[in-house]
Amino acid sequence: MKMREWLWGLLATALAAAYLLLMPGYLASERQELTLQSKQESGETFSGIITLWHIVGFKPYQGSLGTWLSDRASAFEKRHFGVFINITAMTPEEFEARLNRGERADAYSFPMGWGYAERFQPLPDVKAELLPALEGTGAQAGETYAVPYALSGYLLLSNSRLEQEKGISLSEETWRADLQDAVDTLTYTYGKKARQRYGMAGSELMAALLGLQCQVAPYDSFKGGGAALALGDIRDAGDMSRLQTAGKGFSYRAWPASSYTDLVQYLAVARDTEPVKLPYIEAYFELILRAYHQASLLEQGLLPAVLLPEEKEAEADIVAAVQTALAEPQVPNTFLYQRYRDELSALAKRALDGDAAARVDLEARMKELVIQGEIQ
């Protein structure tokens, strides 16, 4: 009797092992068969995963642009059975590491100045009414390789306490005319250890475009109280507001710095993406650029890249102010900007040091990059 029970137990174990070994393959086969059948019934020409790598360049005021893209992908997937958009956010450094491992993506979301046109394939005419100033900023030699879908803008941020200590009173109406004097006054040494406090921190290029002559400290100097003024973006203002709310920050003021911005995010298709995926990627891009979805960018503290059918203002005051300042943005061509980025940085440093010739060259180069004309 015991031998019989042992044999039955052995048989049951063998059957269970066979079930565990074979059933996953069977279920996968059935799932694939059902997907193919449903695809045929729904008229889809492709089923599978489309990968989009979101290269993080600048962050939104609140939330995550990667999450925003994923939400749009979910809306897209509901309309295309069996087609999935996989969004992965990463830094440029993480992208390089993945590329070196032989990984690749079908499409990209990337900031201005990342990726030459040769990395992408030409896009057809995207059905979206882009802001006039953004048209052509993703083109090269008459071909469109990238389409803009979100942008941010620069701000002049001021530490209110340090302004008051030095008797500085910048105003929204006159700060441009008073900025150089304010920077000079707010640059000094203090304390027994003769610590340096800088008048300006943040974007050197933006400081040079505003005509300043000064040393520009890294932006973190402003956050730590080592600089009185800074040229940052909407995200930086958001960080300051959150620090204030948590009782860790300081009182600050902010104004839109310019109608110029290079804080633009683009969409593009990888050059070697399979042709069968292209209609779906293009349809996803068009969904992202629809006015309804574009308007929701304001909730992220970002600005839409298309003309909205109805005036819609951001709820956050600082975002609304930048929205007004960038009603007609001055935006470089992304591929030219990347090509000349090192030169722009070098010219900006020289202009900040008082090199008049470098300032002339910088202005000439910017007029070439920004087709709309003069930076304001």
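Data for the structure
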{"read-out": "Among the candidates L303, L347, residue that is among the hydrophobic types (A, V, I, L, M, F, W, C), under 28 Å from A107 (Cβ atoms) and outside the structural domain of G202 (by TED's automatic domain parsing)", "value": "L303"}
{"read-out": "Subset tally (residues that are within 16 Å of V370 (Cα to Cα) and not hydrophobic (A, V, I, L, M, F, W, C)) for the range 312-344", "value": "12"}
{"read-out": "Only listed residue being hydrophobic (A, V, I, L, M, F, W, C) and surrounded by fewer than 17 Cβ atoms within 10 Å (Cβ to Cβ), chosen from A320, A325", "value": "A320"}
{"read-out": "Close pairs (7 angstrom Cβ cut-off, 6 or more residues apart or separate chains): touching a residue at least 40 places away in the same chain (Cβ under 8 Å) in the range 95-112, assigned to a helix (DSSP H, G or I) anywhere", "value": "D106/K277; D106/I281; A107/I281; S109/L69; M112/T334; M112/Y337"}
{"read-out": "Unique match (being farther than 22 Å from L302 by Cβ, charged (D, E, K, R) and surrounded by 19 or more Cβ atoms within 10 Å (Cβ to Cβ)) among E163, E143, E173", "value": "E163"}
{"read-out": "R235, sole failed condition from (1) surrounded by fewer than 21 Cβ atoms within 10 Å (Cβ to Cβ); (2) free of Cβ contacts under 8 Å to residues at least 40 places away in the same chain; (3) within 26 Å of the chain's Cα centre (by Cα); (4) more than 30 Å from G48 (Cβ to Cβ)", "value": "(2)"}
{"read-out": "Flag for G225 being in contact (Cβ under 8 Å) with a residue 40 or more places away in the chain and surrounded by 21 or more Cβ atoms within 10 Å (Cβ to Cβ)", "value": "no"}
{"read-out": "Top-ranked residue of the range 126-140 - restricted to ones that are touching a residue at least 12 places away in the same chain (Cβ under 8 Å) and part of a loop (DSSP other than H, G, I, E, B), ranked as farthest from I50 (Cα to Cα)", "value": "L131"}
{"read-out": "From the options Q140, Q196, Q121, residue that is of a type outside the set (F, W, Y), closer than 22 Å to D272 by Cα and touching a strand residue (DSSP E or B) at 6+ places or on another chain (Cβ under 8 Å)", "value": "Q121"}
{"read-out": "Strands (runs of 3 or more DSSP E) contained entirely in the range 151-222, each with at least 2 residues that are in contact (Cβ under 8 Å) with a residue 12 or more places away in the chain and closer than 30 Å to L130 by Cβ", "value": "154-159"}
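Condition check ((1) closer than 13 Å to Y280 by Cα; (2) modelled with pLDDT of 95 or more; (3) in contact with a Lys or Arg (Cβ under 8 Å, 6 or more places away or on another chain); (4) of a type in the set (S, T, Y)) across all residues:
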residue	(1), (2), (3), (4)
Y61	no, no, yes, yes
D71	no, yes, no, no
E77	yes, yes, no, no
F81	yes, no, yes, no
T88	no, yes, no, yes
T91	no, no, no, yes
A105	no, yes, no, no
P111	no, yes, no, no
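The values are calculated or read from the model by the stated rules, or taken from the named source; none is laboratory data. If you're wondering where the values come from, they're calculated on a predicted model, not measured in any experiment. Glycine also receives a Cβ, built like all others from the backbone with ideal geometry; neighbour counts cover every protein chain displayed.
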